[in-house]
Amino acid sequence: MTIKVFGHKSPDTDSTGSPIIWAWYLNQIKGTEAKPVLLGEPNTEAAFMLKRWNLDKPEIIEDVADDEAVVIVDTNNPAELPANINGADIQGIIDHHKLVGGIETKGPIEIRIEPVACTATIMWKMIGKDMAQMPTEIKGAMLSCILSDTLEFRSPTTTQEDKAIAWDLAQDLGVEISEYASEMFEAKSDVSAFSDAELLRMDSKEYAVGDTKFRVSVLETTAPKMVLDRKDSLMESMKTVASEDGVDQVLLFVVDILNEEATMLIPNDLTKTVAEKSFDATVDGDTVVLPGVMSRKKQIIPNLAV
């Protein structure tokens, strides 16, 4: 039996790196056969991480079979997981998001959910003294996950544990954090090869406020102009993506990593209402800047109102 380890759909750096980390741990330390897999193509930053640390891109899967052994990382939301997730034999969950509900297991399992910025931070703590056996490339993935999820410690989700573990890993690897983070964010910012629909789905989560269903899309970048120059076509595509994905509205937030603010696109009255009610913003035009807004998990989704 080989355990499949995976994170959420539209895999970012943490949902690409953490399955690799945990599969290594299960294979090499626990002696349990495991393999990392993905639920979609990794984003540009995650692809950069794989190349930088000479890691193979995990296999991409569409679904899981009945009774197939799996470990879920970086999510506990059934909407972000394979359609047959409750038919699988879930062996464990490691996550740093709020508990959503809806996952059913075939027996008691180990669950570890902590209020830190990154799944890899929790894994570092769980692996403990066995970190000494972790090869360089896996440590590189772990550092990448933490720097990505914390936006190099700028995100309000960042904890002292995330910082301390990242610095420990960087020192071990001989990596200068600000230099490496800049390389990661540059890779994340190059979205020229993606269609509007791909951009809107690339880093997105479904979320309902009452009876209104949203796809909440976040694009973190050091070059917001590259995205905002496409705002007219993006706003047109928001209608198409919403219709195809069965939601009422796509919400797009372009997070400027360096200036620590988000620009929200305002294509219609619903998005205007959301911006004004959720973020106490004054909307004048088809975009609104939200100073200090960096985190979907902590600042966007908890405040959404219609």
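The values are calculated or read from the model by the stated rules, or taken from the named source; none is laboratory data. It should be emphasised that the depicted structure is a prediction, and the values quoted were computed from it without experimental measurement. When we count neighbours, we look across all protein chains shown, and the Cβ atoms used for this are built from the backbone with ideal geometry, even at glycine.
Numbers below:
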{"read-out": "Qualifying residues in the stretch 284-302 (those that are assigned to a loop (DSSP other than H, G, I, E, B) and touching a Ser or Thr at 6+ places or on another chain (Cβ under 8 Å)) - the one farthest from Asp12 (Cα to Cα)", "value": "Met294"}
{"read-out": "Selected residue [within 25 Å of Lys98 (Cβ to Cβ), assigned to a loop (DSSP other than H, G, I, E, B) and without any contact (Cβ under 8 Å) to a residue 40 or more places away in the chain] from Ala305, Ala281, Ala275", "value": "Ala281"}
{"read-out": "Hey, Arg230 in contact with an Asp or Glu (Cβ under 9 Å, 6 or more places away or on another chain) and either of a type in the set (A, V, I, L, M, F, W, C) or within 24 Å of Glu80 (Cα to Cα) (or both) or not", "value": "no"}
{"read-out": "Selection status of Lys205, in contact with a strand residue (DSSP E or B) (Cβ under 8 Å, 6 or more places away or on another chain) and among the charged types (D, E, K, R)", "value": "yes"}
{"read-out": "Residue that is surrounded by the most Cβ atoms within 10 Å (Cβ to Cβ) [pool: residues in the stretch 248-272 that are assigned to a helix (DSSP H, G or I) and in contact (Cβ under 8 Å) with a residue 12 or more places away in the chain]", "value": "Thr271"}
{"read-out": "Filter result for the condition that a residue is of a type in the set (Gly, Ala, Ser) and surrounded by fewer than 21 Cβ atoms within 10 Å (Cβ to Cβ), over Gly17, Gly40", "value": "Gly40"}
{"read-out": "All positions within the stretch 159-211 that are farther than 29 Å from Ala242 by Cα and either polar (S, T, N, Q) or assigned to a strand (DSSP E or B) (or both)", "value": "Thr159, Gln160, Gln171, Ser178, Ser182"}
{"read-out": "Test: residue in the stretch 143-165 that is acidic (Asp, Glu), within 19 Å of Asn77 (Cβ to Cβ), in contact with a helix residue (DSSP H, G or I) (Cβ under 7 Å, 6 or more places away or on another chain) and surrounded by fewer than 17 Cβ atoms within 10 Å (Cβ to Cβ)", "value": "no"}
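Condition check ((1) under 19 Å from the mean Cα position of the chain (by Cα); (2) at pLDDT below 95; (3) surrounded by fewer than 18 Cβ atoms within 10 Å (Cβ to Cβ)) across all residues:
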position: Ile60; (1), (2), (3): yes, no, yes
position: Ala65; (1), (2), (3): no, no, yes
position: Ile72; (1), (2), (3): yes, no, no
position: Ala79; (1), (2), (3): yes, yes, yes
